[in-house]
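K.L.:
Let me begin by handing over the structure; questions about it come next.
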2 protein chains.
Amino acid sequence: MSTPTQPAIVLLSGGLDSYTAAAIASELGYGLCALTVRYGQTHVQEIEAARRVAQALRVRRHVEIDLDLRAVAESALTGVGEVPMDRDLSTVEGIPSTYVPARNTIFLSLALAWAETVGAADIFIGINALDYSGYPDCRPEYVRAYERMARLATRAGVGGTDFRIHAPLQHMTKAEIIRRGGQLGLDYGLTLSCYVPDAAGRPCGRCDSCLLRARGFAEAGVADAALNR
Amino acid sequence: MSTPTQPAIVLLSGGLDSYTAAAIASELGYGLCALTVRYGQTHVQEIEAARRVAQALRVRRHVEIDLDLRAVAESALTGVGEVPMDRDLSTVEGIPSTYVPARNTIFLSLALAWAETVGAADIFIGINALDYSGYPDCRPEYVRAYERMARLATRAGVGGTDFRIHAPLQHMTKAEIIRRGGQLGLDYGLTLSCYVPDAAGRPCGRCDSCLLRARGFAEAGVADAALNR
């Protein structure tokens, strides 16, 4: 008798981190329920990438949610201020202008609702605390506090469900993530990391996210398939 | 020299609890930023009530956010299952079918984003742990866990902002809330509590929310102005 596959919610942005985190969930045997949020991001082309990734991962379901955060969350990624270009990442300090207030908290809360609805205890998110560690909502202490809150917030939590927020990339460098993706056979050509892609979805090559990605591929000694898409 | 008014985010549903909580925030001297979410609720007429209440409170701003939770959050209030009718509230146990998975967590997260954007440290929510206490996300321990998470989640929190979730009605009965509203001169005729109002926004009088409201007005010895709207 086979055990039915446990569902897990995976937050899928269309970038390489969330793709890798979701693939790790799949490798662990979870049935994937992928959640993508159209939140008013400047790089809305990442939604197309999320669809490609969801298909490649053969997710059980892919839900896209419209939630325009521009009215409440000011950020360079929601159109307020400039996305920094051509920066030397090794000297960047503090929280970048691409920080979106409470974004991970909002996304995890939507994932929590869906987890409770489908009877999942597990949520996967591709956050990373090492490279580009300026975001407060990527830190392990944040994730632990979120889990504790989630158990108190929900009917399932009251009933004993021990919600877990999995952040399998949290302590990996971008190069390590890319190597892990290679082992998993992932096609990073499907993904988009750029904050300001052109209309066709081609990366700018100059924003922090592009630079970080390029450095990761260089360190991993792998070509970035997305550059020749 | 006068001190500029501190902003506070108030979650405004259109019901009497959130109206009262917001009025308490106003009395405390906060400038109100009101947030209402159109989440796919069966009783979408409450949005009209929220607009009336926002106007009566002379809020600084009123933002309405569209976030259709029906794809991720199953509840009688998002159209899955029946809203219970004609129940004896004194014998009701457990978490009702009108519980919406992670709803308060999602709403508070949107409020948190806005708080950080406008430089507010204070969020007001009209939750109540006494009457009709089946909802896990109305309990004090949940609110404390949320605050702790919020401070870790945000740039402002890292910078020292001590986010506070105010739930001034948490330990009041419905009758006490109504009496408090009377002292504040609130017009509850503007509000709508019903889960299944008719198209004109008139309450059914039979759902848990209507019954709880009716009991509260009866205990407070006050007529409910909304019944003659």
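K.L.:
Using only atoms on other chains, find how many Cβ atoms lie within 10 Å of each Cβ of peptide A:69-80 and report the average.
P.N.:
That works out to 4 on average.
K.L.:
Top mean-square fluctuation among B:GLY31, B:GLY157, B:GLY15, Gaussian network model of chain B, C-alpha springs under 10 Å?
P.N.:
Taking springs between Cα atoms under 10 Å, the residue moving most is B:GLY157.
K.L.:
Next up: Roughly how far apart, in whole Å, are the Cα centres of segment A:11-71 and segment B:168-203?
P.N.:
Here the answer is 40 Å between Cα centres.
K.L.:
When only alpha-carbon atoms are used, what values of Rg and Dmax, in angstrom, describe segment B:4-64?
P.N.:
11.1, 40
K.L.:
For A:VAL10, list long-range residues whose amide hydrogen, built 1.01 Å from N in the peptide plane, is under 5 Å from its own amide hydrogen.
P.N.:
A:CYS33, A:ALA34, A:LEU35, A:PHE124
K.L.:
While we're on this one: With both bridge residues required to lie in segment A:7-222, what share of the DSSP beta bridges run antiparallel, to the nearest 5%?
P.N.:
Antiparallel bridges: around 5 percent, rounded to the nearest 5.
K.L.:
Can you give the % of DSSP beta bridges in the protein assembly as shown that are antiparallel, to the nearest 5?
P.N.:
Antiparallel bridges make up about 5 percent of those DSSP assigns within the protein assembly as shown.
K.L.:
Taking the Cα-to-Cβ direction at A:SER90 and at A:ARG215 and moving 7 Å from each Cα, how far apart do the two end points lie in nm?
P.N.:
Reported label-point gap for A:SER90 and A:ARG215 is 0.9 nm.
K.L.:
What number results when the radius of gyration of the protein assembly as shown, computed over Cα atoms, is divided by 2.2 N^0.38 Å?
P.N.:
Its radius of gyration relative to the 2.2 N^0.38 Å reference: 1.02.
K.L.:
Using 7 Å Cα-to-Cβ label points, what is the B:ARG70/A:ASP68 separation (nm, one decimal)?
P.N.:
Once both label points are built, they end up 2.0 nm from each other.
K.L.:
Please pull out the direction-averaged projected area of segment A:145-229, using the convex hull of its alpha-carbon atoms, in nm² to one decimal place.
P.N.:
It is 7.9 nm².
K.L.:
Moving on to the next point. Once amide H atoms are placed 1.01 Å from N in the peptide plane, what residues at a sequence separation of 5 or more from A:ILE65, or on another chain, have their amide H within under 5 Å of its amide H?
P.N.:
Answer set, sorted by chain and number: A:THR36, A:VAL37, A:ARG38.
K.L.:
Viscosity 1.306 mPa s, temperature 10 °C: what is the translational diffusion coefficient of chain B from Stokes-Einstein with a Kirkwood Rh over Cα pairs, rounded to a whole number of µm²/s?
P.N.:
My calculation gives 89 µm²/s for D.
K.L.:
Which residue fluctuates the most in chain B, going by a Gaussian network model with Cα springs under 10 Å, if the choices are B:GLU141, B:GLU64, B:GLU74?
P.N.:
B:GLU141
K.L.:
Related question: Would you mind ranking A:ILE106, B:ILE95 by Cβ crowding within 10 Å, fewest neighbours first?
P.N.:
Least to most surrounded, the residues fall as B:ILE95, A:ILE106.
Bear in mind that the values in this text are calculations on the coordinates, not laboratory data. Just so you know, these numbers come straight off a predicted model, no measurement behind them. All Cβ positions, even for glycine, are placed from backbone atoms using ideal geometry, and neighbour counts span all protein chains on display.
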